[in-house]
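What follows is a set of notes on a single structure, which appears directly below.
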Amino acid sequence: MPVAGPKRVILAAPRGYCAGVDRAVIAVEKALERYGAPVYVRKQIVHNTHVVSELEALGAIFVEEVDEVPLGSHVVFSAHGVSPAVVSAASDRGLQAIDATCPLVTKVHREAVRFARDDFEILLIGHDGHEEVEGTAGEAPEHVTVVNSPEHADTVEVRDPEKVVWLSQTTLSVDETMETVRRLRIRFPHLQDPPSDDICYATQNRQVAIKKVATGADLVIVVGSANSSNSVRLVEVALEHGAKAAYRVDYADEVKQEWLDGVETVGITSGASVPEVLVQQVLEDLAGAGYRDIEEVRTAEEDLIFSLPKELREGRGTGGRASA
Ligand code: 0JX
Ligand code: SF4
């Protein structure tokens with residue numbers, strides 16, 4: 001009978017909050033401080049169950065659309081961004097909008113506007129129905145076609161193959177996106193690249209870190225919510241890079257006892273919308289199961305901080321907290 005080796009944990013770094021999430025969460029907290037509860041938020045401010053319930057406890061009310069917000073109230077737009085149609089609908093209701101769209105998402109919006117103005121057809125690689133994709137596509141609906149997957153690249157049609165550019169959602173798998181682009185380029189050799197990476201630094205850094213950790217892991221646990229694109233991608237990336245098993249959990253109590261059967265090395269990471277406290281709870285539970293030896297593997301340093309949305313800057317500090 002095989003004897004189990006020493007139990008240990010490898011913690012991926014960077015993990016957890018990115019600069020855009022930190023800023024968006026602080027924006028809701030500041031809006032509550034400044035205007036008092038309730039403050040309305042269109043969609044989940046970030047895709048994390050815990051963050052949303054903590055903000056609800058402080059007096060935030062999350063709605064699906066701005067027509068649910070009482071006339072004249074404050075409404076925060078989520079980190080994932082909104083289309084111009086949503087901005088107009090909020091203004092038509094006399095809402096005081098606070099735009100917590102991540103500046104790196106806004107950058108992709110600007111690219112879409114610019115390429116549409118130059119009459120390009122934009123192939124937007126991303127997940128249909130994801131809020132960020134809806135927001136970016138909404139900048140130039142006549143010019144944008146969403147490409148969902150590498151397979152979709154084999155069938156998507158364009159008007160003029162000479163004038164096509166690809167852009168992407170910020171939170172995709174880098175490798176899968178490159179595969180989609182490779183297939184698109186076979187069909188459209190004149191396909192233009194975006195002026196700079198649309199998949200953001202945080203998404204890329206978390207994928208690089210988990211690749212390194214997954215290689216030696218019997219099990220990878222990704223802390224993050226089911227609707228968090230970047231968190232779900234981390235599970236896929238871990239499985240593609242050597243993890244024998246990988247699961248996503250919102251909370252520590254979702255880790256199943258049987259996942260640990262025969263496991264020596266557990267890799268841990270968390271998505272860009274995940275507070276570090278949730279990772280620490282997983283580590284505590286694992287320590288209770290004998291996994292007390294923790295090593296952090298860091299593949300990049302992050303020190304980016306975005307200033308708060310302009311609506312909250314006046315007379316206030318402009319910086320966010322340092323990202324976890
Ligand atoms: O579902 P996503 O990964 O795009 O969003 P989440 O989990 O809220 O992550 C942070 C916000 C990302 C915006 O680009
Ligand atoms: Fe911004 Fe990237 Fe974070 Fe999205 S994941 S909020 S694009 S920094």
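Hey, any idea what % of the chain's accessible area is carbon plus sulfur with a 1.4 Å probe?
Working: 7140 of 14220 Å².
After summing per-atom areas, the C and S share lands at 50 percent.
Hey, can you find the accessible area per residue of region 166-324 for me, probe 1.4 Å, expressed in square angstrom?
Numbers: 7290 Å² over 159 residues.
I get 46 Å² per residue for region 166-324.
What's the Cα-based Rg to Rh of region 1-117, Rh via Kirkwood?
Working: Rg = 18.7 Å, Rh = 16.0 Å.
Reported Rg/Rh (Cα atoms, Kirkwood Rh): 1.17.
Can I get the semi-axes of region 153-218's equivalent ellipsoid? Compute them from the C-alpha gyration tensor as square roots of 5 times the eigenvalues, in angstrom, largest first.
Values: eigenvalues 166, 35, 13 Å².
The equivalent ellipsoid of region 153-218 has semi-axes of 29, 13, 8 Å.
Label Ser91 and Ile186 with points 7 Å out from Cα along Cα→Cβ: what is the distance between them in nm?
Using points 7 Å along Cα→Cβ, the separation is 4.5 nm.
Apply 1/(1 + (r/R0)^6) to the Cβ-Cβ distance of Met178 and Glu29, taking R0 = 35 Å, and write down the FRET efficiency to the nearest 0.05.
Working: r = 37 Å, r/R0 = 1.06.
It comes out at approximately 0.40.
Take every Cα-Cα distance within region 103-223, group them into 10 Å bins from 0 onward, and report for each bin the whole-number percent of pairs it holds.
Taking every Cα pair in region 103-223, the percentages come to 13, 44, 29, 11, 3, 0.
Can you give me the distance in nm between label points at Ala37 and Thr299, each placed 7 Å from the Cα along the Cα-to-Cβ direction?
Simple spin-label model gives 4.0 nm for this pair.
From largest accessible area down, sort Lys30, Lys244; use a 1.4 Å probe on the protein chains.
The ranking, largest first, comes out as Lys244, Lys30.
Return the equivalent ellipsoid semi-axes of region 222-321 as a descending list in whole Å, where each equals the square root of 5 times an eigenvalue of the C-alpha gyration tensor. Intermediate results must be reported in sequence, preceding the final value.
On the way: eigenvalues 198, 46, 37 Å².
Each semi-axis is the square root of five times an eigenvalue, giving 31, 15, 14 Å.
Give the average over all directions of the projected area of the C-alpha convex hull of region 233-284, one decimal, in nm².
Numbers: hull surface 15.2 nm².
Hull-based average projected area comes out at 3.8 nm².
Could you compute how fast the chain diffuses translationally, taking Rh as the Kirkwood radius over C-alpha pairs and applying Stokes-Einstein at 25 °C with viscosity 0.890 mPa s? Give it in µm² per second. Provide the component values of the computation, followed by the final result.
Values: Rh = 20.8 Å.
Once the numbers are plugged in, D ends up at 118 µm²/s.
To the nearest 0.05, how large is the calculated FRET efficiency for His127 and Ala226 if R₀ is 22 Å and r is the Cβ-Cβ distance? Intermediate values should be presented prior to the final figure.
Details: r = 13 Å, r/R0 = 0.59.
It comes out at approximately 0.95.
Could you state how much accessible area Thr101 has, in square angstrom rounded to the nearest 10, with a 1.4 Å probe and all protein chains kept in place?
My reading of the accessible area for Thr101 is about 10 Å².
Å³ per residue of the Cα convex hull, for region 63-119?
Values: hull volume 4.4 nm³, N = 57.
In region 63-119, the Cα convex hull volume per residue is 78 Å³.
Taking only the C-alpha atoms, wrap a convex hull around region 258-317 and report its volume per residue in Å³ as a whole number.
Each residue corresponds to 134 Å³ of Cα convex hull volume.
Could you work out the helix-only [θ] at 222 nm for the chain, with each DSSP H run of four or more residues adding -39,500 (n - 2.57) and the total divided by the number of residues, to the nearest 500 deg cm²/dmol?
Values: 10 runs with 115 residues, N = 324.
After summing the helix terms and dividing by the residues of the chain, the value is -11000 deg cm²/dmol.
Note the full-extension length gain between Ala289 and Ser196 as 0.36 nm times their separation in residues minus their Cα-Cα distance, in nm to one decimal.
Values: separation 93, 0.36 × 93 = 33.48 nm, distance 4.49 nm.
Length gained between Ala289 and Ser196: 29.0 nm.
Can you tell me how much longer the chain between Lys256 and Ile61 gets when fully stretched, taken as 0.36 nm per residue apart minus their C-alpha distance, in nm with one decimal? Mind dumping the intermediate values first?
Details: separation 195, 0.36 × 195 = 70.20 nm, distance 3.25 nm.
Net length gain for the segment: 66.9 nm.
From Cα pairs below 8 angstrom and at least 6 apart in sequence, can you work out the relative contact order of the chain, rounded to a whole percent? Write out the running numbers ahead of the final one.
On the way: 675 pairs, mean separation 83.1, N = 324.
Computed over the chain, the figure is 26 percent.
Could you do me a favour and compute the accessible area per residue for region 1-110, 1.4 Å probe, result in Å²?
Working: 4430 Å² over 110 residues.
So region 1-110 comes to 40 Å² accessible per residue, rounded to a whole number.
The values are calculated or read from the model by the stated rules, or taken from the named source; none is laboratory data. All of these numbers come straight from a predicted model, not from anything done at the bench. For neighbour counting, all protein chains shown are included, and Cβ atoms are generated from backbone atoms with ideal geometry for every residue, glycine included. For the accessible areas, the whole protein counts, side chains as well, though only heavy atoms, and no ligand, DNA or RNA atoms are used. Shrake-Rupley method; radii C 1.70, N 1.55, O 1.52, S 1.80 Å.
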